[in-house]
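Undergrad: Submitted below is the structure of interest, expressed as structure tokens.
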Amino acid sequence: MENTHKENKYLRAKERVEETRKFYTGLMSYAVVISLLAGLNYYIDQWDYPWFLWAAFGWGIGLAFQAAKAFNLNPFFGRSWEERKIKEFMQEDERKARWE
């Protein structure tokens, strides 16, 4: 039992590290690509129409969701919410089992 618990903690920690690494890799890619697009946009039309902002905005939304996942920033359905719900459902099942 104790060994399984440690394994589960290790796997959860490893998963979080992978998610964090993916986020930082995506963030670096975002910075490089958007910088190149901004430079290209300036070179072509001196930012008369800053079209690179469309790409920055779209990719930024995806990056924000990735950050929320990597750093557990979901205020509505985070890990603590999941644990509370699991305990609630388990207690509910116990109560039902008593009356049956």
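The values are calculated or read from the model by the stated rules, or taken from the named source; none is laboratory data. From a predicted model like this one, the values you see are computed outputs, not experimental measurements. Please note: Cβ atoms are built from the backbone with ideal geometry, for glycine as well, and neighbour counts cover all protein chains shown.
Undergrad: What number goes with the only condition from (1) assigned to a loop (DSSP other than H, G, I, E, B); (2) modelled with pLDDT under 80; (3) loosely packed, with under 12 Cβ neighbours inside 10 Å that residue 98 does not pass?
TA: Failing condition for residue 98: (1).
Undergrad: Only residues that are over 19 Å from residue 62 (Cβ atoms) and hydrophobic (A, V, I, L, M, F, W, C): list them for the range 1-44, please.
TA: Those that are over 19 Å from residue 62 (Cβ atoms) and hydrophobic (A, V, I, L, M, F, W, C): 1, 11, 13, 17, 40, 44.
Undergrad: Filter the range 1-40 for residues that are under 18 Å from residue 55 (Cα atoms) and among the polar types (S, T, N, Q); which is nearest to the chain's Cα centre (by Cα)?
TA: It comes out as 25.
Undergrad: Restricting attention to the range 25-56, which residues are of a type in the set (Phe, Trp, Tyr), part of a helix (DSSP H, G or I) and surrounded by 12 or more Cβ atoms within 10 Å (Cβ to Cβ)? Give the steps one after another, and end with the answer.
TA: Taking the range 25-56 and keeping what is of a type in the set (Phe, Trp, Tyr), we get 30, 42-43, 47, 49, 51-52, 54.
If we keep only those that are part of a helix (DSSP H, G or I) as well, we get 30, 42-43, 52, 54.
Within the range 25-56, 30, 42, 52 qualify.
Undergrad: On the basis of being aromatic (Phe, Trp, Tyr), in contact (Cβ under 8 Å) with a residue 24 or more places away in the chain, out of contact with any Gly (no Cβ under 7 Å at 6 or more places or on another chain) and surrounded by 10 or more Cβ atoms within 10 Å (Cβ to Cβ), does residue 59 make the cut?
TA: Details: aromatic (Phe, Trp, Tyr): yes; in contact (Cβ under 8 Å) with a residue 24 or more places away in the chain: yes; out of contact with any Gly (no Cβ under 7 Å at 6 or more places or on another chain): yes; surrounded by 10 or more Cβ atoms within 10 Å (Cβ to Cβ): yes.
For residue 59, the condition - aromatic (Phe, Trp, Tyr), in contact (Cβ under 8 Å) with a residue 24 or more places away in the chain, out of contact with any Gly (no Cβ under 7 Å at 6 or more places or on another chain) and surrounded by 10 or more Cβ atoms within 10 Å (Cβ to Cβ) - is met.
Undergrad: Sort through 9, 69 and tell me the only one that's at pLDDT below 90, surrounded by 12 or more Cβ atoms within 10 Å (Cβ to Cβ) and part of a helix (DSSP H, G or I).
TA: 69 is the lone residue from the list that is at pLDDT below 90, surrounded by 12 or more Cβ atoms within 10 Å (Cβ to Cβ) and part of a helix (DSSP H, G or I).
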